[in-house]
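Everything on this sheet refers to the single structure shown next.
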Amino acid sequence: MELSEEDLRLINALQISPRIAWSDAADVLGIHATTLAARWDRLREAGAGWTTAHLMGDPKSACLAMVDVDCEMHLRPDVTTALAALPQVITIEEAASNRDLMLTVITRDLGEFSNELVPRLKEIPGLTKYHTSLCTRIHTSGYAWRLNVLSRGEQQALRALAGPEAANPSAPDAVLLPLPESHRALFPFLARDGRATAAEIARALGRNPATVQRQLGRVLASRWLSFRCEVAQKFSGYPITCQWFANVPAGQHEAAATELRAIRNVRFTASTTGRTNFVIIMWLRSLGEVMELELAVQQRIPGIELVESVVMLNTAKRVGWMLNPDSTASGAVVPVA
C-alpha cells in the first residue's frame, strides 16, 4: 500500500483537529465529506492511520517514567508480550544500544509505579534488569508532531475549527478538571478511536446518549487526555526513531525546549531525573541525519551535552496501540485504565 497526497493531507488535517466533523474538514480540504469518511475508513482498516486518546502523564498530576529494560535474549519476544499486556506501559521500543527495550510508563502517581507496577515487572520471566528515569516536565509531545503537507492557510482554518481536545494538555497554564469514575469509563473507547461519538459510546456502555454527550464534552475539556492522529511511521517519510539522553544546565530547560520546537523532526522532549536530565526523541529520514541533527541541536543550545544517542530497531507498542513489524497498527489496543 502507498499513501496518496490526499491521504497525507487528510492525516495532517486530523493531526491538527482530531475530532473535526467531516463536513468542516470538507470545507477546508475541498473534498466531499463522504469521500473523506470513506478514505479515513480505508486508512484505518489498513493500519496506516488512526486516532487515539491517552492519559497525558503530565508530571503535575501523574507519574511519567522512562524505563530501560534488559532481558534474556531468547526470551525477548516473551518479555515484550508480557510488558505489552500492562496498560501502564504505553510504549515499547526495541533499542540498538546497551539496553534491550525502552518503555514509556504512565501511572496515576509514584506510589502506583512503585507499589503496583514494579512488582509486576519483577515477576516477568526473562526480565533481568530495569533502570528508571522520571519525567519532571514534558516540553513537547507526539500529539504536536505534523506531516506539514497542508498550506499555512489550511492549517490555520483547521486550528480554528478544532475543539478543546486539540489544546495542549501539558501547557503551563493547563488546568486538570476533576472527573468522576463514570466519566473515566469513556477513556477506553476514546483510546480505541479518538473520534468515537457519544452515540457509539452510549450504545457500548448501555447509557443514555444525552448523558454520554454531556460526559464526553466534559472529558474533552478536562485535559486528562491527549488526542492525536497517528500515521504508520513507514508512510511518514521519517522511518528512523532516535532518542538522545542529554544534560542541559539548570535553568535553561525551557529555553532549550523552545529552540527544539523549531526542529520539525522533534517528537518528544522532557526534563528527567537520572543519569541525564533531558530527553529528546526525533523521527529522521535516514541514519545519516543523526549527526546532522546533533550538530543542529548543539548550535541552537549552547551548553547542552548530548551524552548518548539510541536508534530504535522496532516499535512494538505506541501509546497503547500494538504495532505490526512494518509500523502499521495491528488493531489491538491496551488502553490505560
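The values are calculated or read from the model by the stated rules, or taken from the named source; none is laboratory data. Since we're looking at a predicted model, the values are computed, not measured. We place every Cβ from the backbone using ideal geometry, glycine too, and count neighbours over all the protein chains shown.
Any chance the range 228-251 includes a residue that's of a type in the set (D, E, K, R) and touching a Gly at 6+ places or on another chain (Cβ under 8 Å)?
Yes, there is a match, as at least one residue in the range 228-251 is of a type in the set (D, E, K, R) and touching a Gly at 6+ places or on another chain (Cβ under 8 Å).
Determine whether Leu150 is assigned to a helix (DSSP H, G or I), under 27 Å from Trp283 (Cα atoms) and not assigned by TED's automatic domain parsing to the domain that holds Val279.
no
With the structure loaded, tell me whether Ser286 is within 25 Å of Leu83 (Cα to Cα) and surrounded by fewer than 20 Cβ atoms within 10 Å (Cβ to Cβ) or whether it fails that test.
So Ser286 does not fit the description; no.
Of all residues in the range 96-120 being at pLDDT 95 or above and small (Gly, Ala, Ser), which is surrounded by the most Cβ atoms within 10 Å (Cβ to Cβ)?
Ser114
When you go through Ala25, Ala37, Ala13, Ala65 one by one, which is the residue that is in a strand (DSSP E or B) and either at pLDDT 95 or above or surrounded by fewer than 16 Cβ atoms within 10 Å (Cβ to Cβ) (or both)?
When all the criteria are applied, what remains is Ala65.
Kindly state which helices (runs of 4 or more DSSP H) lie completely within the range 154-271 and contain at least 2 residues that are in contact with a helix residue (DSSP H, G or I) (Cβ under 7 Å, 6 or more places away or on another chain), surrounded by 14 or more Cβ atoms within 10 Å (Cβ to Cβ) and among the small types (Gly, Ala, Ser).
198-205
Of the residues that make up the range 321-333, is at least one crowded, with 18+ Cβ neighbours inside 10 Å, hydroxyl-bearing (Ser, Thr, Tyr), in contact (Cβ under 8 Å) with a residue 40 or more places away in the chain and touching a strand residue (DSSP E or B) at 6+ places or on another chain (Cβ under 8 Å)?
yes
Of the numbered conditions (1) more than 25 Å from Ser236 (Cα to Cα); (2) among the small types (Gly, Ala, Ser); (3) surrounded by 15 or more Cβ atoms within 10 Å (Cβ to Cβ), Gly303 fails exactly one; give the number of that condition.
So Gly303 meets the others, but not (3).
So for the range 273-283 (the condition being in contact with an Asp or Glu (Cβ under 6 Å, 6 or more places away or on another chain) and either over 23 Å from Ala332 (Cβ atoms) or among the hydrophobic types (A, V, I, L, M, F, W, C) (or both)), does at least one residue qualify?
No, the range 273-283 contains no residue that is in contact with an Asp or Glu (Cβ under 6 Å, 6 or more places away or on another chain) and either over 23 Å from Ala332 (Cβ atoms) or among the hydrophobic types (A, V, I, L, M, F, W, C) (or both).
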